[in-house]
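*Asks:* Got a structure for you, questions after.
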Amino acid sequence: MRAATRVAGKVLPLVEHAVKGPLFGCRMCGQCVLHSTGLTCPMNCPKTLRNGPCGGVREDGSCEVRPEMRCVWLKAYGRSRRLPWSEEFAELRPPVDERLHGTSSWVNLLSGRDREVPAGWTEPSCPG
């Protein structure tokens, strides 16, 4: 089984990048959230925000960093409203775990690695 896992760990990132790269502009963060962001990759945001928008969206809907680009998060919001899991759009996502960059989010999802919380990360507490 370990050999199969090693092969999957090498082959699946190539397949995932070949499929998701052209379709969604996938940046291979290893923690895919396309399903909850309207099939829009938040890593395409110049600020790589996982919970957006940043507040710098221009009046015309363009990005403050790259004005020629539509805000990734406005696009994600519009698209997510048309999908059956639109309620996930508002969920708070943890920051990207850079240790997973370049790995397959499919493998990480199946292994649970994408849900591991690095030391020092905690859930935000809500004032009560």
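*Asks:* At a threshold of 8 angstrom on Cα-Cα distance, excluding pairs fewer than six apart, so keeping six or more, what relative contact order does the range 1-70 reach in percent?
*Replies:* Dividing the mean separation by the residue count of the range 1-70 yields 15 percent.
*Asks:* Report, by chain and number, residues whose modeled amide H sits under 5 Å from the one on SER62, excluding near sequence neighbours (fewer than 5 apart, same chain).
*Replies:* CYS71
*Asks:* Right, another one. Run the helix sum for the chain: -39,500 (n - 2.57) per DSSP H stretch of 4+ residues, divided by residue count, reported at 222 nm to the nearest 500 deg cm²/dmol.
*Replies:* Per the formula, -9500 deg cm²/dmol.
*Asks:* Treating cross-link reach as a plain straight distance, find the lysines whose alpha-carbon is under 30 Å from the alpha-carbon of LYS10, omitting any fewer than eight places away in the same chain.
*Replies:* LYS20, LYS47
*Asks:* Take the Cα pairs of the chain, get the Kirkwood Rh, then feed it into Stokes-Einstein at 25 °C and 0.890 mPa s and tell me D in µm²/s.
*Replies:* 154 µm²/s
*Asks:* Now for a separate question. With a/c under 1.5 counting as rounded, go ahead and sort the range 59-99 into rounded, prolate or oblate using the C-alpha gyration tensor (a ≥ b ≥ c being the square roots of the eigenvalues; past the cut-off, prolate if a/b is larger than b/c, else oblate).
*Replies:* oblate
*Asks:* Amide H neighbours of GLY30 under 5 Å, counting only residues 5+ apart in sequence or on other chains, H built in-plane at 1.01 Å?
*Replies:* Close amide H contacts, sequence-distant or interchain: GLY102, THR103, SER105.
Values in this text are rule-based calculations from the coordinates and carry no lab data. Owing to the predicted nature of the structure, the values given are computational and were not obtained by experimental measurement.
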